[in-house]
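Everything below concerns the one structure shown next.
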Amino acid sequence: MALFIVRRVLMIVPILLGLLLLAFGMLRLAPGDPAAAIAGDNATPEQIAAIREDLGLDRHVIVQFADYAWNAAQGDFGVSAYSNRAVGLDIAQRLPATLELTFAALAIAAVGGIVIGALSGAWYNSTFDHFVRVVTVLGLATASFWFAIMLQLVFALDLGLLPLRGRLPAGMEVPPDITGFLLIDSLIAGRLDAFGATLSHLALPAITIAFGGLATVARFTRSSVIEAMHSEYAAYETAVGYPRRRVLFPFALKNALVTPVTQVGLLFGAFVSNAVAVEAVFDWPGLGSYLVQAIFAADYTAVLAVTLVIGFVYGVVNIVVDVVHGLLDPRVAERM
Amino acid sequence: MLILRKFLRDIPAVLGLAIVALAILIAFFGDPLIVDGAQAVIPDLRSRLQPPSWEHPFGTDNLGRDIFTRVVMGTGGALTVSTTVVAAAMAIGVPLGLIAGYTNGFASEAVMRVTDVFLAVPQLILAIALAQVLGRGLEAAVVALAATYWPFFTRTVYAETRRVRTLLFVEALEGLGAKRLRILAMHVLPNVAAPIIVRATIGMGFIILTSAVLGFLGVGATPPDPDWGLAISEGRNYMPGAWWMTTFPGLAILALVLGFNLLGDGMRDLVDPRLRRSR
């Protein structure tokens, strides 16, 4: 088991190296000469050459790559040619907002998906089960950015129940930044008004992102609960006279949860990428809307830095999921 | 014919097939549905932002173009993009998966490690970055999607080829002195075809969703293309008044993706009864 964990954790090295190569390659592929862009239209060739030397663009490609990788490892992704700010700082500032949103969505998807999936699996072929199946199939086919707009139309613009965009109402004093997670920061500061406001701002984007994932979790839970309910021990418990809800909880559910739990981990990556378009719709000040701004500004440094950071987070989460899966189900660890 | 009868009994799968078939029909023979061909392309400011009516079933957009017509025209675009991307990804991913799965050694390792890297980043993020670098536009988006989708095929084909490689008939072929290319193309490929087809069908839905995101974010189709994702992003500026501008193109995406997903699920059930979802 220890060997399995070490091997999985070491997997991050080739993945990281590959990611860096990919990002560096794309950066070099990007159109336009960054030196010329910085120098401006009236620069002489000598000035451009001086800037190239300044930026280190005259060195060998491999040296440049090593430099890029070394800086990226320290969180330095270069300076944006668009905003003239350090991209690494911008990302660090915006990452907590995205993580808060992703974790909230993950919680909704995990709890909702497992509860709904378990109920529809235990009473399968019931009306409720049919309803759940239709909704989950729709959930997997819905474009999240469109669903976000539909929720905005209904709940924010038409009914006025929830805020339309942003993380806090305009003009509200932001609680002191300690963790970057507004839900936690507002509690630390004892600001219940900010806590409530954060929660109501979080609701629509988190539900949007959770929808597709909830469908996935519900599907997996449902099928593994059905399988567990058909096992011999479940048949025995039924014969002894346990009602169906007792057979389901805790007996069948406990055995049925291994697959859905690993699914929840995998969803994290899907959610981070769904967050891009959804954040743009809700003006959520996270990495996703930063990426969209960078796209519109043709700011390659920022686009690739975000790609790198998200890829890194995703890779780490995947490895954690593998390890957890191995701990939950030792057969998996032996196979790898 | 047993398999056909089994498929026909699967109502969701048949529904999926019907949706996909309808979409293909619309893409090829949709012209009579179009209220007035010119109206979809040429702005007519006198009839801008009209709500759904008999004349304009889905309403009109900010330039007075008929949205129903544009949704119908967008069907062909969505199918073309997804077919191109899936075909290109298959053309790259399947041979790589066959070779990596059938051989041992450096080449096989190298292919699978590259695949790992691609699969370690969310495909959407990679596609956005690549489309951006290649220069915005539909062609760049198609290339970016194909360049980031092939590893899914490689992974699938690799696992299946590993399994088939150990079967007796492959060993017999090798013993008979058959050329490796012949074994791979004539004997291994047909045996791994089913999962490839399933993956391709589900991939169609996935690529339609992803390319809609790219269109929405402005790294895909460009105006005045009747792209669904782009249409939703244009409609955002006219909310909440003109709700129909965003609603109907999104429903079109939903319907087509749903069709491919249901069809793919049904085919997976046929190919691999162990994964049957209706159990």
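The values are calculated or read from the model by the stated rules, or taken from the named source; none is laboratory data. In this text, all values refer to a predicted model and were calculated from it rather than measured experimentally. Cβ: placed from backbone, ideal geometry, glycine included. Neighbour counts: every protein chain shown.
Worth pointing out:
- Number of the condition not met by residue A:168 [criteria: (1) of a type outside the set (Asp, Glu); (2) more than 9 Å from every other protein chain (Cβ to nearest Cβ); (3) under 14 Å from residue A:219 (Cβ atoms)]: (3)
- Considering region B:86-183, the qualifying helices (runs of 4 or more DSSP H), each wholly inside and each with 1 or more residues that are within 18 Å of the chain's Cα centre (by Cα), within 14 Å of another protein chain (Cβ to nearest Cβ) and closer than 19 Å to residue A:269 by Cβ, run over B:106-119, B:123-134, B:138-165.
- Odd one out for residue B:129, checked against (1) out of contact with any helix residue (DSSP H, G or I) (no Cβ under 6 Å at 6 or more places or on another chain); (2) closer than 16 Å to residue A:294 by Cα: (1)
- Among the candidates A:68, A:82, the residue that is over 30 Å from residue A:326 (Cα atoms), within 14 Å of chain B (Cβ to nearest Cβ) and among the hydroxyl-bearing types (Ser, Thr, Tyr) is uniquely A:82.
- Some residue of region A:162-182 being assigned to a helix (DSSP H, G or I) and crowded, with 17+ Cβ neighbours inside 10 Å: yes
- Filtered residues of region B:221-272 (kept if touching an Asp or Glu at 6+ places or on another chain (Cβ under 8 Å) and within 11 Å of chain A (Cβ to nearest Cβ)): B:231, B:235, B:240, B:242, B:245
- The set of residues from region A:80-117 being over 25 Å from the mean Cα position of the chain (by Cα) and of a type in the set (A, V, I, L, M, F, W, C) comprises just one member, A:81.
- In region A:5-18, the residues that are closer than 13 Å to residue B:115 by Cα form Cβ pairs under 7 Å with partners that are hydrophobic (A, V, I, L, M, F, W, C) and at pLDDT below 80, at six or more places apart or across chains, as follows: A:15/B:120.
Residue-by-condition table, conditions (1) more than 10 Å from chain B (Cβ to nearest Cβ); (2) crowded, with 24+ Cβ neighbours inside 10 Å; (3) of a type in the set (Gly, Ala, Ser):
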position: A:259; (1), (2), (3): yes, no, no
position: A:270; (1), (2), (3): no, no, yes
position: A:274; (1), (2), (3): no, yes, no
position: A:285; (1), (2), (3): yes, no, no
position: A:288; (1), (2), (3): no, yes, yes
position: A:298; (1), (2), (3): no, no, yes
position: A:304; (1), (2), (3): no, yes, no
position: A:312; (1), (2), (3): no, no, no
position: A:318; (1), (2), (3): no, no, no
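- Against the numbered list (1) buried (at least 21 other Cβ atoms within 10 Å of the Cβ); (2) β-branched (Val, Ile, Thr); (3) modelled with pLDDT under 85, residue B:34 comes up short only at (1).
- Criterion (at negative phi and under 13 Å from the mean Cα position of the chain (by Cα)) met by exactly one of B:222, B:201, B:247: B:201
- Those residues of region A:57-79 which are within 23 Å of the chain's Cα centre (by Cα), aliphatic (A, V, I, L, M) and buried (at least 16 other Cβ atoms within 10 Å of the Cβ), in sequence order: A:72
- The residues listed here are A:90, A:76, A:58; of these, the one that is touching a residue at least 12 places away in the same chain (Cβ under 8 Å), more than 14 Å from chain B (Cβ to nearest Cβ), on the phi < 0 side of the Ramachandran plot and not in a helix (DSSP H, G or I) is A:76.
- Residues satisfying the stated conditions in region A:82-97, i.e. surrounded by 17 or more Cβ atoms within 10 Å (Cβ to Cβ) and modelled with pLDDT under 85: A:82
- Considering region A:98-153, the residues that are among the charged types (D, E, K, R) and closer than 20 Å to residue A:224 by Cα include one that is modelled with the lowest pLDDT, namely A:133.
- Scanning region B:51-91 for residues that are polar (S, T, N, Q) and buried (at least 23 other Cβ atoms within 10 Å of the Cβ) yields B:60, B:69, B:75, B:82.
- Qualifying position, being at positive phi and touching a residue at least 40 places away in the same chain (Cβ under 8 Å), among B:59, B:101, B:105: B:59
- Scanning region A:181-213 for residues that are aromatic (Phe, Trp, Tyr) and in contact with a Ser or Thr (Cβ under 7 Å, 6 or more places away or on another chain), we see that the one that is modelled with the lowest pLDDT is A:195.
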